[in-house]
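Participant: So that we are looking at the same thing, I have put the structure below in structure tokens.
The values are calculated or read from the model by the stated rules, or taken from the named source; none is laboratory data. As the structure is a prediction and not an experimental result, all values here were calculated from the model. Here the Cβ positions follow ideal geometry from the backbone for every residue, glycine too, while neighbour counts run over all protein chains shown. When the accessible area is computed, the model is the full protein with side chains, heavy atoms only, and any ligands, DNA or RNA have been set aside. Shrake-Rupley method; radii C 1.70, N 1.55, O 1.52, S 1.80 Å.
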Amino acid sequence: MKIYFKSATLKSMIFFALITLIGCDLNKEKAVTMNEQENTNVLLEEWTGPYGGVPAFDKMSISDIKPAMEIGMELNLKEIDAITANPDAPTFENTIVDLEKAGNELDRVNIYYRIWSNNVSSPEYRKIQGEMAPKLSEFNSKISQNKELFDRIKVVYDNSLIDPLEDDQQRVIQLIYERFAMNGAELDDDKKARYAAINKELSTLYTNFANNVLADEENYVVYLNEDQLSGLSESMTKSTAKIALDKGQEGKYAIPNTRSYMSPFLTYSTERTLRKKVWNNYYSRGDNGDEFDNNENITKILKLRRERVELLGYDNYGDWRLQNRMAKTPENVMQLMNAVWPAAIARVKEEVADMQAIANSTGDKNVIAPWDYRYYAEKVRKQKYNLDSDEVKQYLQLDKLTLALFFVAGELFNYNFDPVPEGSVPVFHEDVKVWEVTDKTSGDHIGLWYLDPFARPGKRSGAWATTYRSHTTFDGKKTVLGSNNSNFVKPAPGEPVLVSWDDASTFFHEFGHALHFFSSEVRYPTLNGGVRDYTEFQSQVLERWLSTDKVINQFLVHHKTNKVIPKELVAKIKKSSTFNQGFVTTEYLASAIMDMKLHMADPENIDIDAFEKETLAELNMPKELVMRHRTPQFGHVFSGEGYATAYYGYMWADVLTADAAEAFAEAPGGFYDKELSSKMVKYLFAPRNSIDPAEAYRKFRGRDAKIDALMRDSGFPVK
Ligand SMILES: [Zn+2]
């Protein structure tokens, strides 16, 4: 299985969701007053220009952000007041539609805010972000705890149960009602006050948790001498020399205590004692028994979360959190994980045996320890699959891959991509390119696709997809502004950008998110919202088209000779896809299971270290590896709530992905089967969250997803 860790994307998505779910309608009089102030602030202004208006990325000024945010929030609150002050009985139109319409100014400011946060950050911006975060949190509470507003929503909801609305409206009111109810809108005043106090306390604990992990990442740097570099690549040597120099240790080599350095160091360094040290530092983050120890924070967080869901009448956090996820209950999640776990740890045994054989044959008497796994796995990979990743790269050019994306979108979605005339659409950096997306048959305008491909200072790492505007029709048709962002290394002018197979997969992955944005056919904004354990499906499934023959034969060509990638090399890539799945699945699942078990356990007298040890012992966790994120450093779950009892979501979406991919593999037209691909677009992409994801999947597949395909993909036995 493939796992994508993009917490920062999700963080901004949560923020975005918070902003968009709160809206309301501006009355004319107020609009006039505010327009006078807006005139001076470009971030609040309505988007003008071609394609239904586009963000004024060329006019962004950081001095505008704070006042724009403040005015945006104020306007939004006034809009809420206008809804609640309406003397007429609450209806879908005068309450829900107005709520869906509201917050436009703040939405626009938020687009710029996220560009600063993700694409062009600076110390100046981060200072503003630090100031704005608590203000935004306060603003969100004002709306989620607004009793008059919730009373109106509840009337509309209750009425809809007796006298149902149109299907999509029914879904909107249900989602909005649940969102408010799940967040304490129904509580009495005392409980509401306690609820808000808990949230405030939690937000501080989340910050402390994250800062402690960060402190341990900064405080435990391993410095190497020249004679300790054996096995490391030239680029790693260079970059670690630079880091040491920046830290005032000229002539040394610094291994920072982060995943991006730990992982290659453990894979390539021949120095076993140093591997152990680097491993120890990394997996002890937040667990060193000092001022940065997170164990007490975790206990407090678990207790507060339990207390908060008990206020709402739930037994545990998982029951509360999962009710509107695709999985629905913790039991369903545990059932999936328990089904995969035995195969994963059995595979670890085989992998360790392969590694031990290599260690023994080289005269190395070491018994494989956790700090040896990556090192010997790499040796097994070379021996068993003989795959040279550098050779593969020669056939993966960014330009050609971009054309491959367009080809796939044309085949599956009937889309056409054309570059917009130079300078016609403002961008926030000269590297960003923009294409117009149209329907191949009708020529209808669908939206714009922005691509920001290259790494640069101030841009966050990783790859992500986002929207500047989503498709809706309830208030006049809005077309989509979607964007993909990567961190490829910018080449010298005229040189091709060559990428790894994994990076090419990620490029397809993010484009899958973009296609999910473009294909939306929903009427209301709320229906564009994501479901945490479903939202990675559309992106993961698109990755599968990278290795289809049509893409390989047209676009995977050598950058110098233009020759198509050799069949033997493709065969090697495919054969190696199940390599190391024992390690990958086990380290992931151990964390996902721990996440669920921690939130279902009684938090009263919990000892986190002991709980982790006992749980892993019960699971028969192989001693040769550890959880991908040990509890005291599990930021997904304890630096916020985005992934709390949700880390399983990657595998949940993976089950759907593997099952859907098998449907294509078996279809008469394979991955380009017209009937099946139009079904996929119709049921799994276009509806977004306007129908229940499980129901949508059944419409596509004729049955629920089975885990067998995922097991086969991972090379695990199917029962
Ligand atoms: Zn994704």
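Participant: So, Gly482, is that one within 16 Å of the ligand (Cβ to nearest atom), modelled with pLDDT under 95 and either open to solvent by 10 Å² or more (accessible area, probe 1.4 Å) or not polar (S, T, N, Q) (or both) or not? Before you say what the answer is, go through the steps one by one.
Facilitator: Values: within 16 Å of the ligand (Cβ to nearest atom): yes; modelled with pLDDT under 95: no; either open to solvent by 10 Å² or more (accessible area, probe 1.4 Å) or not polar (S, T, N, Q) (or both): yes.
Considered against the rule, which asks whether it is within 16 Å of the ligand (Cβ to nearest atom), modelled with pLDDT under 95 and either open to solvent by 10 Å² or more (accessible area, probe 1.4 Å) or not polar (S, T, N, Q) (or both), Gly482 comes out as no.
Participant: Can you confirm whether Arg285 is over 21 Å from Phe638 (Cβ atoms) and either surrounded by 19 or more Cβ atoms within 10 Å (Cβ to Cβ) or among the aliphatic types (A, V, I, L, M) (or both)?
Facilitator: Details: over 21 Å from Phe638 (Cβ atoms): no; either surrounded by 19 or more Cβ atoms within 10 Å (Cβ to Cβ) or among the aliphatic types (A, V, I, L, M) (or both): yes.
Taking the combined requirement at face value, the residue does not satisfy it.
Participant: Here's something else I'd like to know. Pairs under 6 Å by beta carbon, first residue farther than 18 Å from Thr585 by Cα in segment 599-628, partner in a loop (DSSP other than H, G, I, E, B), six or more apart or different chains?
Facilitator: His599/Thr645; Met600/Asn316
Participant: Also: In the list Asn553, Asn580, Asn562, which residue meets the criterion of being more than 16 Å from the ligand (Cβ to nearest atom) and touching a strand residue (DSSP E or B) at 6+ places or on another chain (Cβ under 6 Å)? Even if it seems obvious, please write down each step before you answer.
Facilitator: Details: Asn580 fails: touching a strand residue (DSSP E or B) at 6+ places or on another chain (Cβ under 6 Å); Asn562 fails: touching a strand residue (DSSP E or B) at 6+ places or on another chain (Cβ under 6 Å).
Being more than 16 Å from the ligand (Cβ to nearest atom) and touching a strand residue (DSSP E or B) at 6+ places or on another chain (Cβ under 6 Å) holds for just one of Asn553, Asn580, Asn562, which is Asn553.
Participant: Only residues that are near the ligand (Cβ under 10 Å from one of its atoms) and touching a His at 6+ places or on another chain (Cβ under 7 Å): list them for segment 508-541, please.
Facilitator: Answer for segment 508-541, where residues must be near the ligand (Cβ under 10 Å from one of its atoms) and touching a His at 6+ places or on another chain (Cβ under 7 Å): Gln538, Ser539, Gln540.
Participant: Identify all residues within segment 498-507 that are within 14 Å of the ligand (Cβ to nearest atom) and of a type in the set (Phe, Trp, Tyr); write none if there are none.
Facilitator: Residue satisfying the conditions is Phe507 alone.
Participant: Now, a different point. Within the bounds of segment 449-468, is there any residue that is within 16 Å of the ligand (Cβ to nearest atom), touching a residue at least 40 places away in the same chain (Cβ under 8 Å) and of a type in the set (Phe, Trp, Tyr)?
Facilitator: Scanning segment 449-468 turns up at least one residue that is within 16 Å of the ligand (Cβ to nearest atom), touching a residue at least 40 places away in the same chain (Cβ under 8 Å) and of a type in the set (Phe, Trp, Tyr).
Participant: Could you run through segment 227-267 and say how many residues are in a helix (DSSP H, G or I) and either touching a residue at least 40 places away in the same chain (Cβ under 8 Å) or more than 33 Å from the chain's Cα centre (by Cα) (or both)? Lay out the reasoning, then the answer.
Facilitator: Residues of segment 227-267 in a helix (DSSP H, G or I): 227-228, 234-246, 259-267.
With the extra rule that they be either touching a residue at least 40 places away in the same chain (Cβ under 8 Å) or more than 33 Å from the chain's Cα centre (by Cα) (or both), the set shrinks to 227-228, 245, 260, 263, 266-267.
Here the count works out to 7.
Participant: Thr9 versus (1) part of a loop (DSSP other than H, G, I, E, B); (2) modelled with pLDDT under 95; (3) closer than 30 Å to Pro421 by Cα: which is the lone unmet condition?
Facilitator: (1)
Participant: Show me the strands (runs of 3 or more DSSP E) entirely contained within segment 379-478 in which 2 or more residues are aromatic (Phe, Trp, Tyr). Reasoning before the result, please.
Facilitator: Details: elements: 415-419, 433-439, 445-454, 464-469.
Of the strands (runs of 3 or more DSSP E) lying wholly inside segment 379-478, those with at least 2 residues that are aromatic (Phe, Trp, Tyr) span 415-419, 445-454, 464-469.
Participant: Restricted to segment 677-692, and to residues that are more than 16 Å from Ala705 (Cα to Cα) and free of Cβ contacts under 8 Å to residues at least 24 places away in the same chain, which residue is surrounded by the most Cβ atoms within 10 Å (Cβ to Cβ)? Full working, then the answer.
Facilitator: We begin by selecting, within segment 677-692, every residue more than 16 Å from Ala705 (Cα to Cα); these are 677-678, 681-682, 685-691.
Within this subset, residues satisfying the condition of being free of Cβ contacts under 8 Å to residues at least 24 places away in the same chain are 678, 682.
Values: Ser678: 13, Lys682: 15.
The qualifying residue surrounded by the most Cβ atoms within 10 Å (Cβ to Cβ) is Lys682.
Participant: Since Gly184 meets every condition but one in (1) more than 30 Å from Val489 (Cα to Cα); (2) modelled with pLDDT of 90 or more; (3) part of a loop (DSSP other than H, G, I, E, B), which condition does it not meet?
Facilitator: (2)
Participant: From Lys328, Lys303, Lys349, which residue is part of a helix (DSSP H, G or I), open to solvent by 60 Å² or more (accessible area, probe 1.4 Å) and touching a helix residue (DSSP H, G or I) at 6+ places or on another chain (Cβ under 8 Å)?
Facilitator: Lys349
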